[in-house]
Amino acid sequence: ASMLAGDIAEVAAIAKIKGKEGVSNLQFQLFRPIKPMMAQTALDVNEALREHEGESAFEYKFDGARIQIHKSGDEVKVYSRRLTDVTESLPEVIQLIRDQVKAREVILEGEVIAVGGDGSPMLFQHLMRRFRRVHDVEEMTRQIPIQLYLFDLIYLDGQSLITNPYLQRRRKLEEISGNLSLTKQVITTDLKEAELFLEEAINKGHEGLMAKRLDSPY
């Protein structure tokens, strides 16, 4: 309930007034950001594979800003991981979602990173010059281009996907995302393959990897 409302105080008020039934009836509401899932750290890919009983989906972990995207028709809003509305700072993200996402109503999760002229990732500090910017956005857009990567789909055309297995959500995301980039992914049981994928991510300037259990809910 706290995740869906994005505010534990609101949940407490509902519980006091309407009791357990009121809390249980909380649903997704577009343009009300939800609290994002969080990860635990692992020492290495071997620990992640053991934790996930021998098979895991590994994805690049970017040095960027996590965002939550809500879309209803042509209306699109973007929220930070702290649930702050950052829509005005990211006009190119808004346009990409309008142009590419094949769904009327959707809540997506992704990451934006700042990129240099050659497309390589720039330090997080450069991205922060863009993020939450509300003045001279057009000029800053030229100075600091960004790249969007999507990694999860949690609501689609009236249906909550938070209890669906991760792999199902990822496949649905692939179906509706058009030409948008998804986080690069390897699904494997092989320790060596996972270690090479981690090395690749770091060599390309990223922070490391995320490991996701294939049957995990949101």
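Of note:
- Using a simple spin-label model with pseudo-atoms 7 Å out from Cα toward Cβ, residue 124 and residue 32 lie 3.1 nm apart.
- Charge dipole (debye, nearest 20) of the chain; +1 at Cβ of Lys and Arg, -1 at Cβ of Asp and Glu: 740
- Projected label distance in nm at residue 53 and residue 18, using a 7 Å step from Cα toward the beta-carbon: 3.6
- Rg to Rh, two decimals, where segment 1-104 supplies the alpha carbon set and Rh follows Kirkwood: 1.07
- A Stokes-Einstein calculation at 10 °C with viscosity 1.306 mPa s, built on the Kirkwood radius of segment 56-116 over Cα pairs, returns a diffusion coefficient of 128 µm²/s.
- Cα gyration tensor shape for segment 91-196, rounded if a/c is under 1.5, else prolate or oblate: oblate
- Placing a pseudo-label 7 Å from each Cα along the Cα-to-Cβ vector at residue 199 and residue 88 gives an inter-label distance of 4.8 nm.
- The per residue volume of the convex hull around the alpha-carbon atoms of segment 163-204 is 92 Å³.
- Here r is the Cβ-Cβ distance between residue 190 and residue 163 and R0 is 41 Å; the resulting FRET efficiency, rounded to 0.05, is 0.90.
- Check: segment 99-218 dipole with +1 on Lys, Arg Cβ and -1 on Asp, Glu Cβ, in debye: 220
- Given 61/184; 184/212; 172/212; 71/212; 77/212; 61/172, the pairs whose alpha carbons are separated by over 18 Å: 71/212; 77/212; 61/172
- Computed over the chain, the per-residue total of -39500 (n - 2.57) for DSSP H runs of n ≥ 4 gives a 222 nm mean residue ellipticity of -10000 deg cm²/dmol, rounded to 500.
- Mean sequence separation of contacting Cα pairs (under 8 Å, at least six apart), scaled by the length of segment 106-172, corresponds to a relative contact order of 41 percent.
- Carbon + sulfur, % of accessible area of segment 106-218 - ligands and nucleic acids excluded, 1.4 Å: 48
- Percent of beta bridges antiparallel (DSSP, segment 68-218, rounded to nearest 5): 95
- When the Cα convex hull of the chain is projected onto planes of every orientation, the mean area is 13.1 nm².
- In segment 132-180, taking the dipole from charged Cβ atoms about the Cα centre, the farthest positive-side position among 148, 162, 137 is held by 162.
- Computed with a 1.4 Å probe over protein heavy atoms only, the accessible surface of the chain comes to 54 Å² per residue.
- For segment 146-218, the alpha-carbon coordinates run over 40, 31, 17 Å along the three principal axes, in decreasing order.
The values are calculated or read from the model by the stated rules, or taken from the named source; none is laboratory data. The shown structure was predicted, so the numbers you read here are calculated from the model rather than taken from an experiment. Here Cβ is always computed from backbone atoms with ideal geometry, including for glycine, and neighbour counts include all displayed protein chains. What goes into the accessible areas is simple: the full protein's heavy atoms, side chains included, and nothing from ligands, DNA or RNA. Shrake-Rupley method; radii C 1.70, N 1.55, O 1.52, S 1.80 Å.
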